[in-house]
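First the structure, in the form of structure tokens, and then the observations on it.
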Amino acid sequence: DLVFYSCGALVNLAADSECIPRLAGSTPAVQKLAKLLGDAPCNDPMLQLVAVKVLTNLSLDSRAAWPMEDMELVRGVLAQSIADSQEVGDDHERQQLIDLARHLQGRLPAAPDPPAPAA
């Protein structure tokens, strides 16, 4: 419960444009939220959803650029969360999670192309 309510507070903080750069740039919030999303039990879509809400809010401010490794980590856990949610069932919370996770996937910049091999 404490983690859920803490994330609920972070949803509000991450909606404040003054807080986003600090949360995304000066703290390990993105990595911790990605880990939380990856570790959250499949039978707790509300915890998964609130983590995705925080990540989505943190992605709204273009001044708060995430390091590439954080984006890759988030991309991976989003893909896994979507796949797990589609597999488990079809209820309102899961559909919200899937929709918001897909929205966040679309907001994240594309991964850079790997460097071309030397000739």
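The values are calculated or read from the model by the stated rules, or taken from the named source; none is laboratory data. Remember, it's a predicted structure, so these values are computed and weren't measured experimentally. Glycine gets a Cβ as well: all are built from the backbone with ideal geometry, and neighbour counts include every protein chain shown. Protein only, heavy atoms only, side chains kept; ligands, DNA and RNA dropped before computing areas. Shrake-Rupley method; radii C 1.70, N 1.55, O 1.52, S 1.80 Å.
Odds and ends about this structure:
- Which listed residue is open to solvent by 20 Å² or more (accessible area, probe 1.4 Å) and within 15 Å of the chain's Cα centre (by Cα), from Leu37, Leu73, Leu58: Leu73
- Residue count for region 28-64, restricted to those that are more than 22 Å from Asp16 (Cβ to Cβ) and modelled with pLDDT under 90: 2
- The number of residues in region 83-100 that are under 14 Å from the mean Cα position of the chain (by Cα) and farther than 22 Å from Ala24 by Cβ comes to 3.
- Answer residue from region 8-23, given it is at pLDDT below 90 and touching a Lys or Arg at 6+ places or on another chain (Cβ under 9 Å) and is surrounded by the most Cβ atoms within 10 Å (Cβ to Cβ) among those: Ile20
Per-residue answers, yes or no, for (1) more than 20 Å from Tyr5 (Cβ to Cβ); (2) touching a Phe, Trp or Tyr at 6+ places or on another chain (Cβ under 8 Å); (3) open to solvent by less than 70 Å² (accessible area, probe 1.4 Å); (4) among the hydroxyl-bearing types (Ser, Thr, Tyr):
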residue: Ala29; (1), (2), (3), (4): no, no, yes, no
residue: Asp44; (1), (2), (3), (4): no, no, yes, no
residue: Ser62; (1), (2), (3), (4): yes, no, no, yes
residue: Asp90; (1), (2), (3), (4): yes, no, no, no
